[in-house]
Amino acid sequence: MKRSFPIIVIIASLFFSGCAKNEVNINYRNNPEPLLRNAYIKLPLGTVKPSGWLKSQLEDQSTGLTGNIDDFWPDLVNSSWRGGNGEAWERGPYFLDGLVPLAYLLNDDHLISKVKSWIDPILASSSDTGWYGPAKNKDRCPLAVSNKVLMQYYEATGDKRAIDILTKYFRYLHDSQPDWPDKEWRGVRAMENAVTGYWLYRQTGEAWILETISSIEKNSSDWTAYYETFPWDSAASADKKIPLNWGPDGLTAHVVNNAMAIKYPGLWYQQSKDERFKNAVFTGIQKYSVNHGQPGGRFSGDEHLSGKSPSQGTELCSVVEYMFSLEELYEIFGDNALADRLELLAYNSLPGTTTPDMWAHQYDQQANQVLVSGAKRDWSTNGDYSNIYGLMPNFACCLANMHQGWPKFVASMWMATNDNGLALVTYGPSVVKAKVGDGQEVTITEETNYPFTGSVNLTINSDKTVRFPVDLRIPGWADSVTIKFKNKIVKLKNTLTYKLKERWKNGDQIQIEFPMQLRIEKSYNNSISLLRGPVYYSLRIDKEYKNIKINYDNFSYKGSVDWEITPKSPWNYGLLIDKSNIMRGIKVKENPVSRYPFSDKGDMIWSADSGRYYTWSQDAPVVITARGMKIPEWTMKDNSADVPPLSPVKPEGDPIVINLVPYGCARLRITEFPVMDIVLMEDIMRSAK
Ligand SMILES: [Zn+2]
C-alpha cells in the first residue's frame, strides 16, 4: 500500500546557521572572548573520514607521490627538518602539511610511521628561545607552514609536545621584533601564522597570543587595502602593467600569495570585529572572478595574475591554497558561496591538474588545454615545461605543496554548529564520528557518488536517541532540492542552508536529491562552459601520451613519469546548444563510479581514457553526448589554443557528435566553447533532427 507523506514546500528561506546568539557548542570550542564567534567550528583532524570514491582517491594519493617522494626526492630524503643535512627551508613543511592529514584520515600505519620520522626531530628541535626547526634556517616563512603541520598533528594524536612547541614559538614571536618585510615571503605571507595562532588561543586561552597576532597583522603586508583597491585588474592586464617581478609589487601579483592572502582579512576579522575586513574578503573574491576568473572556481596565474583567457595557466599551489583559504573562511563566515567555490576547485581544478594515479602533476593547468608539451608558451613568468604532467615540471614548489588539497578538503566536509549539531559543508562520500547534543557520540555515513550524481543518503548511528540539528548547505546552483527524513518530504526552492533539528534514533536516514540539470556559464569572448552540479564538462580529445624524461639533477625516482600529450582528434569545435532548452540534442550517461579491481591502486576516478600508455579506465563517471561544428578560424597560437573567437562564430561542415567528460578527467580539453548565431543554430538543429 502506498503511504502518503506530508510534503512541505519551502521557498527562498534563509535557514542560515543563525542559531540563537547565546548558544555555545559544549563539545567543540568556538572562539572564546574577546574574539568574534565563528559561524561554524572545524572538527579535529580524523573526525571526518573519506569513504567511497573519495577514500579511493586518498588511497591513490597514498600509493602515488605523497606516499613515496620522501623516499627518493633528495630535498626530502636529506631534509634538515627530519634530521638530515639537506634542504632546510620550505619543502619539508609543505610536504608534511599534506602527509599528516592523509596519514590520519586513512589511518595508514605506513604513512603514520613516516609522519613520526619527521615530527619527532621537529619536536626535538625546540630551543630555549622558542625558535624551532633546522638550526641553519633563520627564516620565519617555513615555520608558518610547519605550525599548521603541528596543529593538525596535535588534533590527530593529542601529543602535548606539539602544543608546547607552538606556545614557545608564539611566545618567541611575541617577545621579538616584528620582522615581516613586504619584500620577503615571510612578510607577504605573515598572516598564515594567524591560522595556528587563533587555534592555539582556542586551545590555551592565553591572551598574549592575540597580541602576537595583532602585531603580525599591523607589521606585515596590507592585503586588506590591496583588495579594496585591487590594482591588478583587467585594465592593468590589458596594458601589461601587472608587475612580473619578485619585488614587493610583483609579490602582490603572485598567484599563490593571492590564494593564501584572501583569508587574511577574514582571519583578522575574528579579532578586529571590523566589517571592513569581512568586506575585503568578499570584494577580493569577486575581483579575482571578474578580472582573472577561470573555470573550476579558480583565478589564473602562471605565475603572476594572468587574466581570463582560457589558455593562460593556473599554478597548482594556488589551487590547493585557495581551497584551504576557503575552508578557513567558511568556518568564520558560513557563507555558502565560499563552499560552492571550494567544491568547484576540489571537483575540477584539483583533479584536472594531476594524473589519476597521482604520480604526476602540472605546474600550470589550462581550461582550454590542447597540447601538453615543453613547446614555447605565452606564460607570464613560468618556464615552457609548466603544463607537462610530471614529477617536477618548472619548479618544485607544487611537488612539495600539492598534498594538502584532498585530505584537508575531506577533513572540512563536516563542521560543528554552535547549537551542538553538525553541518554538512561540502558533499561527497564521507563518514563523520562526532559529539552532538550534550555529548552523545554519533556517526553519520554519507553515501553518494556526488559530484557525478545528485543523490545523497545520510545514515545516523547512535547508541541513544539524541536531539541535534543537521545543517545542510544547499549549493547555490541547486534551485530546487528534495529532502526526505522521518516520513517527511521537504521541497526547497532557492534555499541557503536547511536546518533539520530532530530527535534522531539509530538508523535514521536523510535522503537528499539535488537537481543535476545542465547549466551554462558565459565565458571568454561570449563562449560558454557547460556545468552539471559542481562539475565542468570538457571536450574529450583523442590523444597520445609520450613518456619523456626530464632531467632533475640526475636523482633517480621510481614510478613517476613525465608525460607529453598530443591531440589525435580535432579540438576546434563550437558547441551546438539551445540556451532556452539546454537538454535539446544532448544525452547524459552516468557510469559506475567504483570499478577497478585489477590493481593495488584505487579507482582512479578522474580518468576518461582506456588503452594507450595507461590502462586507467573504462570510461569517465559521466559522459555527455552533444553536437559540435568545426570553427576553422580557431587555431593554435604560441602552442596553446588561441582564445575562443568572439561568439557568435561561423562553423563549417556538418554537425558531428562530440563527447564531453568531467574537466578533472580530461588531460586534453576544451572547456570554453564558442557558440553559433541563434538563427543559424536553430536551422542546423532543425535539420539535424
Ligand atoms: Zn607551486
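Taking the charge dipole of the chain about its Cα centre, with +1 at Lys and Arg Cβ atoms and -1 at Asp and Glu Cβ atoms, the residue from Leu371, Thr66, Ile444 reaching farthest to the positive side is Ile444.
DSSP beta bridges confined to the chain are antiparallel in about 90 percent of cases. Binning the alpha carbon pair distances of the range 203-354 at 5 angstrom intervals from zero yields the distribution 2, 10, 18, 22, 19, 14, 8, 4, 1, 0, 0, expressed in whole percent.
With the whole protein complex present, Glu303 retains an accessible surface near 20 Å², based on a 1.4 Å probe.
Of all lysines in the structure, those lying under 25 Å Cα to Cα from Lys630, and not within fewer than 8 positions of it along the same chain, are Lys308, Lys522, Lys543, Lys568, Lys579, Lys587, Lys589, Lys650, Lys689. Amide H to amide H, with H built 1.01 Å from N, Arg467 comes under 5 Å of Trp504, counting only residues 5 or more places away or on other chains. Sorting the segments 101-108, 221-228, 71-78 by their residues' average number of neighbouring beta-carbon atoms within 10 angstrom, most packed first, yields 101-108, 221-228, 71-78. The share of accessible area on the chain that comes from carbon and sulfur is 49 percent, using a 1.4 angstrom probe.
Scanning the chain for helices, which whole DSSP H stretches are 24 Å or more long along the axis (Cα) and average -1.0 or more by Kyte-Doolittle? List each step's numbers first, then the result.
Values: long enough: 141-157 (25 Å, 0.23); 275-292 (25 Å, -0.69); 316-333 (25 Å, 0.89).
Helices meeting the span and hydropathy rule in the chain are 141-157, 275-292, 316-333.
With the convex hull drawn over the C-alpha atoms of the chain, the volume per residue is 159 Å³. The listed peptides 172-183, 234-245, ordered by packing as a protection proxy, come out as 172-183, 234-245 (highest mean of other Cβ atoms within 10 Å first). Taking every DSSP bridge with both residues inside the range 406-474, close to 85 percent are antiparallel.
Once the 1.4 Å probe is applied to the protein heavy atoms, the chain comes out at 36 Å² accessible per residue. Within the shell of other residues whose beta carbon sits under 12 angstrom from the beta carbon of Ser311, the net charge comes to -2, with Lys and Arg scored +1 and Asp and Glu -1. Put simply, when 675-684, 375-384 are sorted by average Cβ atoms within 10 angstrom per residue, most first, you get 375-384, 675-684.
The values are calculated or read from the model by the stated rules, or taken from the named source; none is laboratory data. Everything quoted here is computed from the prediction, not taken from an experiment. Neighbour counts run over all protein chains shown; Cβ positions are idealised from the backbone, glycine included. The area values use the complete protein model at the heavy-atom level, side chains included, leaving out ligands, DNA and RNA. Shrake-Rupley method; radii C 1.70, N 1.55, O 1.52, S 1.80 Å.
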